[in-house]
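Worksheet: one structure, shown below.
The values are calculated or read from the model by the stated rules, or taken from the named source; none is laboratory data. Predicted model, so just to flag it, every value in this text is computed and none were measured. To get the accessible areas, we keep the full protein, side chains included, count just its heavy atoms, and leave off ligands, DNA and RNA. Shrake-Rupley method; radii C 1.70, N 1.55, O 1.52, S 1.80 Å.
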Amino acid sequence: SERTIDVLIETIIVDPTNDTPVVTAASTANTFTEREGPSDTSVAFNSNAIVVDSGITVTNRDDTQEGDIVSAVVEILNAKTGDELVYVNTAGITKDTTNSTATKLVLNATDQSSTTTAQFEAALQTVKYNNTSETPDNSDRSIKFTVTDKAATAGESAESHSDIRIVQVNPTNDKPVI
């Protein structure tokens with residue numbers, strides 16, 4: 001008796017897709033309280049500015065296949081007079097001075113092949129909010145964090161994700177000056 005075995009060969013092409021990175025802001029609001037006295041001085045900034053979200057996290061599950069985060073944008077969506085975001089360049093992440101404004105920070109990797117997602121997370125954890133007005137608007141500010149990754153595979157697009165952190169603003173009734 002003879003047995004016939006049919007063999008079927010299939011080729012499976014694995015095309016990794018670029019997964020969306022995730023930025024997660026803290027769910028509770030942070031509070032900015034106006035400093036007593038002049039608010040538009042370097043002394044006021046150093047004692048008044050607050051870190052927007054020291055616990056913000058950034059993940060990108062396909063770092064090794066598609067690359068790390070390459071840019072981030074932090075923006076006050078409902079900016080009021082005197083609002084500002086402040087960032088001091090850190091290792092691997094620099095502020096784009098051409099496209100940034102007082103209420104919008106554009107941060108870029110200094111080297112897209114070596115800057116890591118962890119470096120972006122650490123950089124975003126240092127972004128500060130300040131208000132230089134003597135009479136700041138007391139409405140909550142919505143500060144949006146957006147991260148974008150690098151699409152290393154031909155034909156794919158970079159992916160972005162955003163989250164919002166609320167900053168409550170408490171004005172102070174300054175003492176009159178005679």
Tell me which aspartates and glutamates have Cα within less than 15 Å of residue 144's Cα, excluding those fewer than 8 residues away on the same chain?
-> 53, 75, 83, 84, 121, 163
Taking a probe of 1.4 Å and leaving out DNA, RNA and ligands, segment 57-172 shows per residue an accessible area in Å² of 46 Å²
Evaluated at 10 °C and 1.306 mPa s, the Stokes-Einstein D of segment 57-178 based on the Kirkwood radius over Cα pairs, in µm²/s, stands at 101 µm²/s
State which entries of 95/150; 128/175; 80/104 exceed 24 angstrom in Cα-Cα distance in the structure shown.
-> 128/175
